[in-house]
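Colleague: Sharing a structure here in structure tokens format.
The values are calculated or read from the model by the stated rules, or taken from the named source; none is laboratory data. Small disclaimer: the values here were computed from a predicted structure and weren't measured. Backbone-built Cβ (ideal geometry, glycine too); neighbour counts: all protein chains shown. Just the protein is used for accessible areas: all its heavy atoms, side chains included, with ligands, DNA and RNA removed. Shrake-Rupley method; radii C 1.70, N 1.55, O 1.52, S 1.80 Å.
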Amino acid sequence: NGSAAAPSSSPSHAAPAAKVSLTVVVKTHPGAKPQRWTLTCDPVGGTHPHAQAACRQLLAAKNPFAPIPRGIMCPMIPAGGQAGTAQVKGTYFGKPVSGTFSRQSPCGSTRWAELGVLFGSSQSAQPVSGSPVH
């Protein structure tokens, strides 16, 4: 068609950018092979296995990438010995975000529960009756 691709500095010709665009790398335990996904929200897309649910959880969270405030009280509920770390990078409503989430600390496990679908958990943040799934 003879027209060159629009440079990235000229967004007027490109489709609107997604409100959320992330790369998620999850290690379920030390030594595990990392799982890597991309996720976009509004519009929903990427390689994430539960993109629709992850976006719903992300968009409902209040400032999911804010650092845990110093001095905050965190529940001292055992995390069930579950390990797991996740690194998230990208943009969240136009702001660059980068964060590491861990299930191994009380505050970290609370944050993990709030965004569990983002890290590949098929369980939602609501309490589930019955025995835990391993």
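Colleague: For GLY2, all conditions in the list (1) at pLDDT 75 or above; (2) of a type outside the set (Phe, Trp, Tyr); (3) surrounded by fewer than 10 Cβ atoms within 10 Å (Cβ to Cβ) hold save one; what is the number of the exception?
Modeller: Evaluating GLY2 over (1) at pLDDT 75 or above; (2) of a type outside the set (Phe, Trp, Tyr); (3) surrounded by fewer than 10 Cβ atoms within 10 Å (Cβ to Cβ) leaves (1) as the failure.
Colleague: Ok, one more. Quick check on the stretch 15-24. Is at least one of its residues modelled with pLDDT under 80 and farther than 20 Å from VAL97 by Cβ?
Modeller: Taking every residue of the stretch 15-24 in turn, at least one turns out to be modelled with pLDDT under 80 and farther than 20 Å from VAL97 by Cβ.
Colleague: Filter the strands (runs of 3 or more DSSP E) completely within the stretch 27-103 down to those with at least 1 residues that are within 18 Å of GLU114 (Cα to Cα), at pLDDT 90 or above and open to solvent by 90 Å² or more (accessible area, probe 1.4 Å).
Modeller: In the stretch 27-103, the matching strands (runs of 3 or more DSSP E) lie at 85-92.
Colleague: In the stretch 28-43, what residues are in contact (Cβ under 8 Å) with a residue 24 or more places away in the chain and either closer than 27 Å to GLY94 by Cα or among the acidic types (Asp, Glu) (or both)?
Modeller: GLN35, TRP37, LEU39, ASP42, PRO43
Colleague: Among all residue pairs at least 6 apart or on different chains, which show Cβ distances below 8 Å where the first residue, located in the stretch 46-62, is among the basic types (Lys, Arg) and the second is surrounded by 19 or more Cβ atoms within 10 Å (Cβ to Cβ) and not in a loop (DSSP other than H, G, I, E, B)?
Modeller: What qualifies is ARG56/VAL117.
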